[in-house]
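The values are calculated or read from the model by the stated rules, or taken from the named source; none is laboratory data. Since this is a predicted model, take the numbers as computed values, not measurements. Note that we place each Cβ from the backbone using ideal geometry, even for glycine, and neighbour counts take in every protein chain shown. These accessible areas exclude ligands, DNA and RNA; they are computed on the full protein's heavy atoms, side chains included. Shrake-Rupley method; radii C 1.70, N 1.55, O 1.52, S 1.80 Å.
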Amino acid sequence: MGTSAEERRQRAVESLALDEGRQHDRLDRVTRLARTALRVPISTVTVLDGERAWFPSTAGIELDELPRDQTFCDRTHDEGGTLVVEDATLHERFRELPVVSEGGIRFYAGHPLRDHAGNVVGTFCVYDTEPRTLAGDDLVTFQDLAAWAELELVASAEMTQAGRVQASLLPATPIRVDGWDVAGVCLPALAVGGDFYDYVVTRQTLHLALGDVMGKGTGAALLGAGVRTALRGTNDAVAAGVDLGIVVTQVARSLLADFEAAESFATLMEVALDLDDGELRYVDAGSGLALVVHADGAVERLGGRDRPLGVLPEDHWTEHLAEVEPGGRLLVFSDGVLDLLDDPDRWWGPLGAMVAEAPDVPALLTAIARLARSQTALDDITAVAVFRSEHGR
């Protein structure tokens, strides 16, 4: 038995995964503008979900939800195009609606909003308490606003879903093992971003990666996910002692076609930390944003001269060595953190102090997140911290 049009429509609505009960700023801009441009007191974006209607955006009225059969929008879905009701009190189908008989609505115009597959997932609506027409330039404006609302409704849902997927790819929990504490934070400037981080332990080796793909949004997030997956596939070899520079070179060359197609590149700090003795091997691919704070408070910057991934096909990367001794601490971060500092050109001073003064990893990451939220972040903000206890292993 085939799927009915209503069943397909309902699945499409559910796939939007819109959050009820929160403000949707992108849609609110459209409904606010509609009131002004069309000189109407009320505008909404309405979603028919099962037997109810709810409103991800309203202007001029406060609504949570209504029974579906008490809305104009039920008919708009059936019509499949712009529906204009000049005087609802004279319309047999609409004059008994509570919003008409009790709420005083006389005029309604609605236009269906569709997803990429053509399924109707919402309605853009305007209302008035006086009878009126909608023609000429006003009709064109209304349909242009509906097209904008459709774009924002679908795009907002896609970005929300992409953000959830991206968040699901980050490590789910901190690592606490043998006197080591590891955790990270990622605050995208948009719903999804180009920053990514990863950490996992394989045979007493902590593998830590933090990268930043040029650009923002879904494309950058997809490239970041590809880099993360490719690096994870090398963990066994790295734990067995294979040179980290050789590993990153192989990963970079395997992803070169993807970077070229996207006209992008990625900075990367890739770390392999021996949890038995604290030996730290790392590759710096155009990042240079990492430091070790030693037990005596001395700050050591970690960096190299290698280019980001995806710049030149013949590039190769070099393994460097450092150490995190008992009581030592490691911080790896993205360049979005620099925007939070008074003097980003000498970042190792204030960040080194933050690392040294933090009582533990959660407190350090909370301080970075609090600093990010107190300012207007222009870029993704990502950081991973590794603390070793004073007693070591």
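Scanning the stretch 68-85 for residues that are of a type outside the set (S, T, N, Q), modelled with pLDDT under 85 and surrounded by 16 or more Cβ atoms within 10 Å (Cβ to Cβ) yields CYS73, ASP74, ARG75, HIS77. Going through (1) in contact with a Phe, Trp or Tyr (Cβ under 9 Å, 6 or more places away or on another chain); (2) open to solvent by 30 Å² or more (accessible area, probe 1.4 Å); (3) at pLDDT below 90 one by one, ASP181 falls short only on (3). When each of ALA88, ALA147 is tested for being free of Cβ contacts under 8 Å to residues at least 24 places away in the same chain and open to solvent by less than 50 Å² (accessible area, probe 1.4 Å), the lone residue that passes is ALA88.
Going through (1) under 19 Å from ASP212 (Cα atoms); (2) open to solvent by 30 Å² or more (accessible area, probe 1.4 Å) one by one, GLN375 falls short only on (1). So in the stretch 297-320, with the set limited to residues that are of a type in the set (A, V, I, L, M, F, W, C) and open to solvent by 60 Å² or more (accessible area, probe 1.4 Å), which one is farthest from ALA257 (Cα to Cα)? For the stretch 297-320, the residue satisfying everything is VAL299.
May I ask you to list the residues in the stretch 79-128 that are under 40 Å from the mean Cα position of the chain (by Cα), part of a loop (DSSP other than H, G, I, E, B) and within 19 Å of THR58 (Cβ to Cβ)? Passing the criteria: GLY103, ILE105.
Listed here are the residues, each with its yes/no results for (1) within 27 Å of THR205 (Cα to Cα); (2) hydroxyl-bearing (Ser, Thr, Tyr).
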| site | (1), (2) |
| --- | --- |
| GLU325 | yes, no |
| GLY328 | yes, no |
| GLY349 | no, no |
| VAL361 | yes, no |
| ILE368 | yes, no |
| SER389 | yes, yes |
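Answer with yes or no whether ARG22 is modelled with pLDDT under 80 and assigned to a helix (DSSP H, G or I). So ARG22 does not fit the description; no. Residues in the stretch 246-287 that are polar (S, T, N, Q) and either assigned to a strand (DSSP E or B) or open to solvent by less than 20 Å² (accessible area, probe 1.4 Å) (or both): THR249, SER264, THR267. From the list LEU33, LEU97, LEU38, LEU113, the one residue that fits, being open to solvent by 40 Å² or more (accessible area, probe 1.4 Å) and in contact (Cβ under 8 Å) with a residue 24 or more places away in the chain, is LEU33.
Please specify each residue of the stretch 309-346 satisfying the condition of being part of a loop (DSSP other than H, G, I, E, B), under 23 Å from ASP198 (Cβ atoms) and free of Cβ contacts under 8 Å to residues at least 60 places away in the same chain.
Pass one, the stretch 309-346, residues part of a loop (DSSP other than H, G, I, E, B): 310-319, 324-328, 334, 341-343.
Of the ones still in play, those that are also under 23 Å from ASP198 (Cβ atoms) are 310-311, 315-319, 324, 328, 334.
The answer is GLY310, VAL311.
Taken as a whole, the condition of being part of a strand (DSSP E or B), within 26 Å of ARG132 (Cβ to Cβ), open to solvent by 30 Å² or more (accessible area, probe 1.4 Å) and modelled with pLDDT of 80 or more does not apply to LEU48. Taking the stretch 340-371 as the range and being more than 17 Å from VAL185 (Cβ to Cβ), out of contact with any helix residue (DSSP H, G or I) (no Cβ under 7 Å at 6 or more places or on another chain) and either β-branched (Val, Ile, Thr) or open to solvent by 10 Å² or more (accessible area, probe 1.4 Å) (or both) as the test, the residues that pass are ASP342, ASP343, ASP345, ARG346, TRP348, GLY349, PRO350, ALA353, ALA356, GLU357.
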